[in-house]
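One structure is given below, encoded as structure tokens.
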Amino acid sequence: MTAEAARTVRSRGRSIGFATGLYAISFSALATSSGLSVLQAVVLSAVLFSGGSQFAFVGVVASGGSAVSAISTSTLLGIRNTVYGISLTPVLPRGGLRGLARSVLTIDESAANALAAPTPELQRVGFWSAGIWVYVWWNAFTVLGAFLGSWMSDPGAWGLDGAAAAAFIALLWPRLVRREAVALAVAAAFLALILVPLMPPGLPVICAALVAVLFAFLPEGPTGAAPAEGSSAAASVSSDEKGRA
Amino acid sequence: MSGGMLWAAVIAASLLSLGQKWLGYQIPASFLNRPRISRILSLMPIALLAALVATQTLTSGTSVVVDARIVGAAVAVVLLWRRAPFLLVIIAAAAATALTRLLGWG
């Protein structure tokens, strides 16, 4: 590993960390305006530590959903973190404090910054730099946003609900590279909207996730030639990273 | 949701998140390399995120609602199309949503 390459990966981690962290301002403003205490928002950022899941949790609470809906929506969204761990197992340390830190810091950004690097050494640098900097800024801005949130009487007037919608669009955007992904996204979105008036808040999202299971049983692509699963997962992660860096 | 219930949900969701992150490092590769399983896992985030886009943009409680958020979402799509950075997309969407409300709609 050259020092130059490590510096590049590390500085990318720092930028990803700051840009992602800023977004916690809107998370925590939304959380505190949805009825969570500052301490609850802080616990979510420090322990749950997964942006999509945290927004989903708060979204369910804001719409009056049950505890079970909030927990299951957040957990379903976190399934991808398990998948990242699987790809990262060979390059990261086991056991002890570093093993625990490895689990906590396993998120979109750290996995993306790691899996985009060419060698195991650089992958380790990529994982820790993005993971640590996102963690630092995400938690700092959660505390700041909570106070901004209680100071702002109506987050709707600041467009924070529009910002949350935009954030999910931005998270989804880099994944819409293949026609199949677009079809799946449209189908899942439609199903969720159809189900919203029929069941408690939070559940439509879980039902829409089952569309993914259905799609997994369809033949893959018009040519029928399936790319290797490992390489397609890596490609989607690295395009994520480009989308956000 | 009551105060105690909300705390229980915060703690349960947090521990489950930590648990599922830990789990990834424990599952034998042979199981996850089964084509069907890995395919479901790679498609799941797309379906979940799309459903969240739909519910965050177009619903309120148990009803489908078109309001100022749709303007913020449209601005976000245009900016993502033009390859704008994440942060700019979020700020512009918030501004567009807020401005639309200021003008008296949604």
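The values are calculated or read from the model by the stated rules, or taken from the named source; none is laboratory data. Note that the structure is predicted; figures quoted are calculated from it, not measured. Here the Cβ positions follow ideal geometry from the backbone for every residue, glycine too, while neighbour counts run over all protein chains shown. For accessibility, only protein heavy atoms count, side chains too; no ligands or nucleic acids. Shrake-Rupley method; radii C 1.70, N 1.55, O 1.52, S 1.80 Å.
Between B:T62 and A:R94, the simple label model (points 7 Å from Cα in the Cβ direction) yields a spacing of 5.0 nm. Taken about its Cα centre, the protein assembly as shown carries a charge dipole of about 640 debye when Lys and Arg each add +1 at the Cβ and Asp and Glu each add -1 at the Cβ. Normalised by the number of residues in chain B, the average gap of Cα pairs under 8 Å and 6 or more apart makes the relative contact order 19 percent. Residues in segment B:97-106 carry Karplus couplings, in order, of 5, 5, 5, 4, 5, 4, 7, x, 10, x Hz; the curve used is 6.51 cos²θ - 1.76 cosθ + 1.60 with θ = phi - 60°, and Gly or Pro positions show x.
Round to the nearest 10 and give me the degree value, 0 to 90, for the angle of helix B:3-24's Cα axis relative to the longest principal axis of chain B. Here the helix axis deviates by roughly 50 degrees. Rolling a 1.4 Å probe over the protein heavy atoms gives chain A an accessible area of 40 Å² per residue.
Phi angles across segment A:23-40 convert, under the Karplus curve 6.51 cos²θ - 1.76 cosθ + 1.60 with θ = phi - 60°, into 3J(HN,Hα) values of 5, 5, 4, 6, 4, 6, 4, 5, 4, 6, 7, 8, x, 7, 7, 4, 4, 5 Hz, Gly and Pro given as x.
If you find the alpha carbon centre of segment B:69-106 and of segment A:27-74, how far apart are they in angstrom? That distance is 23 Å. According to the Cα-based calculation, Rg over Rh for segment B:35-105 is 1.10, with Rh computed by the Kirkwood formula.
Taking every residue in A:184-196 and counting other chain Cβ atoms within 10 Å of its Cβ, the average works out to 6.
Using only the Cα atoms of the protein assembly as shown, build the gyration tensor, take square roots of its eigenvalues as a ≥ b ≥ c, and label the shape rounded, prolate or oblate: rounded if a/c is under 1.5, else prolate if a/b is larger than b/c, else oblate. Could you put the intermediate results ahead of the total?
Details: a/c = 1.44, a/b = 1.25, b/c = 1.15.
Rounded is the answer for the protein assembly as shown, as its axis ratio a/c remains below 1.5.
Rank B:T59, A:Y84, A:L22 by how far each Cα sits towards the positive end of the charge dipole of the protein assembly as shown (+1 on Lys, Arg Cβ; -1 on Asp, Glu Cβ) and give me just the farthest. Result: A:Y84.
May I ask you to give the percent of accessible area on segment B:35-105 that is carbon plus sulfur, with a probe radius of 1.4 Å? Here carbon and sulfur together make up 71 percent of the probe-accessible area.
Taking beta carbons within 10 Å but only from partner chains, what does the mean come to for residues A:34-47? Let's see the in-between values first.
Working: counts 1, 3, 5, 4, 0, 2, 7, 1, 1, 5, 5, 1, 1, 7.
That works out to 3 on average.
In order along segment A:115-127, phi translates into HN-Hα couplings of 6, 7, 7, x, 10, x, 4, 5, 5, 4, 4, x, 4 Hz, rounded to whole numbers, per the Karplus curve 6.51 cos²θ - 1.76 cosθ + 1.60 with θ = phi - 60° and x for Gly and Pro.
Placing dummy labels 7 Å off each Cα toward the beta-carbon, the span from A:S37 to B:R36 is 4.7 nm.
Counting each DSSP H run of 4 or more residues in the protein assembly as shown as -39500 (n - 2.57), what helix-only mean residue ellipticity at 222 nm follows after dividing by all residues, to the nearest 500 deg cm²/dmol? Don't skip to the end; give the middle numbers.
Numbers: 18 runs with 258 residues, N = 351.
Helices in the protein assembly as shown give a 222 nm mean residue ellipticity of -24000 deg cm²/dmol.
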